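The values are calculated or read from the model by the stated rules, or taken from the named source; none is laboratory data. Quick caveat, the model's predicted, so the values are computed rather than measured. When we count neighbours, we look across all protein chains shown, and the Cβ atoms used for this are built from the backbone with ideal geometry, even at glycine. With ligands, DNA and RNA removed, areas are computed over all heavy atoms of the protein, side chains included. Shrake-Rupley method; radii C 1.70, N 1.55, O 1.52, S 1.80 Å.
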Amino acid sequence: MRLTVFWDRMNQQFGEAYAQSVAKDYVMAELGGRTIEQALADGEPAKQVWQAVVATFDVPSRLQ
């Protein structure tokens, strides 16, 4: 998954402003206690990070 697709899905799920806040502030157990931004900066694949988002939040099936 490309980062552009990842961020498109994040924006669809949360809205543009809130997606950035979730990525910066929400610590996720599925990402080893990191935020989305930290996981991506550490080189985690966007697809793996998105799967953690799906596991954590109620994401509609059309975005999974």
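How much accessible area per residue does the chain have, counting only protein heavy atoms and a probe of 1.4 Å, in square angstrom?
Accessible surface, normalised per residue, equals 61 Å².
Count neighbours as other Cβ atoms within 10 Å of each site's Cβ, and list the trypsin sites (Lys or Arg not before Pro) in the chain that are DSSP loop with at most 16 such neighbours.
Here the sparse-neighbourhood loop sites are ARG2.
For the chain, what does the helix formula give at 222 nm: sum of -39500 (n - 2.57) over DSSP H segments with n ≥ 4, over the residue count, nearest 500 deg cm²/dmol?
Here the helix-only value at 222 nm equals -17500 deg cm²/dmol.
Rounded to a whole number, what % of the accessible area of the chain do carbon and sulfur atoms account for, probe 1.4 Å?
46
Whole-Hz Karplus ³J(HN,Hα) for the range 53-64, in order, using 6.51 cos²θ - 1.76 cosθ + 1.60 and θ = phi - 60°, x for Gly and Pro?
Coupling constants for the range 53-64: 4, 4, 5, 8, 10, 7, 8, x, 4, 5, 9, 7 Hz.
Using amide H atoms built 1.01 Å from N in the peptide plane, name the residues 5+ places from MET28, or on other chains, whose amide H lies under 5 Å from its own.
GLY33, ARG34, THR35
So what's Rg/Rh here for the chain, counting alpha carbon atoms and using the Kirkwood radius for Rh?
Ratio value, two decimals: 0.91.
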